[in-house]
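Read the structure below first, then the notes.
We did not get these values from a lab; they are worked out from the coordinates using the rules stated. What you see is a predicted model, and the numbers here were worked out from it, not measured in a lab. For neighbour counting, all protein chains shown are included, and Cβ atoms are generated from backbone atoms with ideal geometry for every residue, glycine included.
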């Protein structure tokens, strides 16, 4: 039987959904990059309540977390706007999309 894997993509998807906690299934393999992304994005990794253990990945108390956006997400948003509004100023679209994604609205 294979173990579930929690990847950096799972963590980024959680962030796009506006989540601040991500439940890790019991026995799951959490990749090192997923742990790093959780730390970077301020996502708390918590074990499934069934297992009883908790794995945390949050910034130390008092440390301010600076949000960043995934460049691939940014380009997907810009491309989608470009197909819907061909005359839009691409620099403005990119800047607006970046701001929205950094606020976790992506």
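In nm, what is the difference between 0.36 nm times the number of residues separating residue 85 and residue 33 and their Cα-Cα distance? Each step should come with its number before you reach the end.
On the way: separation 52, 0.36 × 52 = 18.72 nm, distance 3.56 nm.
The span from residue 85 to residue 33 would gain 15.2 nm if fully extended.
Counted by neighbouring Cβ atoms within 10 Å, the residues 7, 14, 2 run from fewest to most as 2, 7, 14. The fraction of Cα-Cα pairs per 10 angstrom bin, counted from 0 for region 5-47, comes to 34, 62, 4 percent, rounded to whole percents.
How much length is gained if the chain between residue 3 and residue 96 is pulled fully straight, taking 0.36 nm per residue apart and subtracting their Cα-Cα distance, in nm to one decimal? Please list the in-between numbers first.
On the way: separation 93, 0.36 × 93 = 33.48 nm, distance 3.95 nm.
Stretched out fully, the residue 3 to residue 96 stretch lengthens by 29.5 nm.
Taking other Cβ atoms within 10 Å as a rough exposure proxy, 21, 12 sort from fewest to most as 21, 12.
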